[in-house]
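Nothing in this text is a laboratory measurement; each read-out follows from the coordinates by a stated rule. Note that the coordinates shown come from a computational prediction; the quantities given were computed from them, not determined experimentally. FYI the Cβ positions are ideal-geometry reconstructions off the backbone, even for glycines, and counts take in every protein chain you see.
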Amino acid sequence: MGLDENAWQAAMRRIARAAEAAGRDPGSVRLCAVSKTRTADEVRAARGLGQTRFGENYVQEAAAKRDELADLADLEWRLIGPLQGNKAVHAAGVFDAVESIDRAKIAERLSSARPAGRRPMEALVQVNISGETSKSGVEPGEALPLARLVASLPGLAFAGFMGIAEPTPDLATQRVQFARLRRCRDEARDAGLDAHVLSMGMTADLEAAILEGSTQVRLGTALFGERPPRPGR
């Protein structure tokens with residue numbers, strides 16, 4: 001199943017309703033379409049509906065799509081999956097933003113490899129807000145020191161934080177975990193950092209995320225349906 005207009009419009013309405021329920025302007029929440037494992041044609045169709053921001057997990061897959069869609073100059077490519085150190089140099093030239101910085105080495109490699117002449121890469125620190133060992137990200141108490149480092153590096157533009165809640169239908173549990181990320185944002189702001197992005201909330205929990213201040217939700221299944229297997233896996 002590819003992205004169709006009904007699915008995209010339904011997702012936008014859902015975001016708007018959640019924002020209004022939180023007493024917020026619906027325009028304060030951006031949609032990042034999770035296009036990992038989706039084809040370039042599907043991304044092109046999404047752009048035809050007005051979607052310009054896309055999230056990818058794999059550097060090579062994103063690079064191939066970016067090349068194929070080079071005629072669409074307004075697309076924004078964001079890395080939302082874990083980044084291995086040996087992929088950071090390639091990622092620095094492929095992506096407009098990296099949301100999954102979870103250690104100093106990754107930030108430093110992205111900084112040094114960002115091509116001259118390109119605008120600084122938007123950089124988010126990923127925080128493990130659920131405490132699950134299967135999740136990437138720094139502990140909440142380590143978020144501010146890493147954010148300070150990222151903000152000091154050339155070629156990077158620190159913008160805020162990303163987090164993933166545990167998969168649970170319990171709204172209260174979701175909100176507790178998203179509130180941890182909001183506090184990281186507040187602490188960074190209090191420290192004088194420009195932390196204006198809170199990337200949190202997916203198909204199953206975007207309402208809780210928006211209640212806790214999310215400025216970007218990352219939706220895949222709600223837009224494209226169930227994800228096909230990744231080629232070669």
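In this rough spin-label picture, where each label sits 7 Å from Cα along the Cβ direction, the residue 187-residue 204 distance is 2.7 nm.
Calculate the FRET efficiency for residue 105 and residue 6 from the Cβ-Cβ distance with a Förster distance of 35 Å, rounded to the nearest 0.05. For residue 105 and residue 6, the calculated efficiency is 0.20. For segment 180-187, 3J(HN,Hα) computed residue by residue from phi via the Karplus equation (6.51, -1.76, 1.60; θ = phi - 60°) reads 4, 5, 4, 5, 4, 4, 5, 5 Hz, glycine and proline entered as x.
The convex hull around the C-alpha trace of segment 1-87, projected and averaged over every direction, spans 6.6 square nanometres.
Label positions at residue 173 and residue 84, each projected 7 Å from the Cα along the C-beta direction, are separated by 3.2 nm. By the rule of a C-alpha distance below 16 Å, with chain neighbours fewer than 8 residues away ignored, the lysines paired with residue 65 are 36. Take the chain, drop everything but the C-alpha atoms, weight them equally and run the Debye formula without solvent; then report log10 I(q)/I(0) at 0.08, 0.11, 0.13, 0.16 Å⁻¹ to two decimals. For the chain at q = 0.08, 0.11, 0.13, 0.16 Å⁻¹, log10 I(q)/I(0) is -0.27, -0.52, -0.75, -1.17.
Close amide H pairs (under 5 Å, H built 1.01 Å from N) link residue 128 with 138, 139, residues at least 5 positions away or on another chain. Between residue 116 and residue 58, the modelled labels are 3.4 nm apart [label points 7 Å from Cα along Cα→Cβ]. On the basis of the beta-carbon distance and an R0 of 30 Å, residue 71 and residue 25 show a calculated FRET efficiency of 0.35.
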